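Trainee: What follows is a structure written as structure tokens; I'll ask about it next.
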Amino acid sequence: MATIYHNPRCSKSRETLKLLEEAGITPEVVLYLETPVSRDKLAELVARSGQPAAAFLRAKEAEAKELGLTANSDPEAILDAIATHPRLMERPVVETEKGVALGRPPEAVKAVL
């Protein structure tokens, strides 16, 4: 079982979904802009990824700048902001039983397949 937190407008997200499908995986697709990820789930994804919360932040988004968020911001503040403003979540995120990986580059998700 695999889940992809997906934005169909993002080329990396589309490439990652294609990579999963070509590997014979039919993931659950969560359109996180329509169905935002809860704060608790975000914390779980970050913890399982082994990466800092900042890796999940799209710091160049206007909302991040307005909120004063950077890669050096408090991890709890980053998670709070992403939960409140889903566009701030880096994409795609792939979750499997083996772990969580950001699809940047898309091949990075192979580590959790």
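The values are calculated or read from the model by the stated rules, or taken from the named source; none is laboratory data. What you see is a predicted model, and the numbers here were worked out from it, not measured in a lab. Glycine gets a Cβ as well: all are built from the backbone with ideal geometry, and neighbour counts include every protein chain shown. When the accessible area is computed, the model is the full protein with side chains, heavy atoms only, and any ligands, DNA or RNA have been set aside. Shrake-Rupley method; radii C 1.70, N 1.55, O 1.52, S 1.80 Å.
Trainee: List pairs: first in the range 51-68 and touching a residue at least 40 places away in the same chain (Cβ under 8 Å), second open to solvent by less than 40 Å² (accessible area, probe 1.4 Å) and in a strand (DSSP E or B), Cβ under 8 Å, 6+ apart or cross-chain?
Mentor: Hits for this filter: Q51/L102; A55/L102; F56/M89; F56/V93; F56/L102.
Trainee: Now, a different point. Based on this model, can you work out whether V109 counts as part of a helix (DSSP H, G or I) and among the β-branched types (V, I, T)?
Mentor: yes
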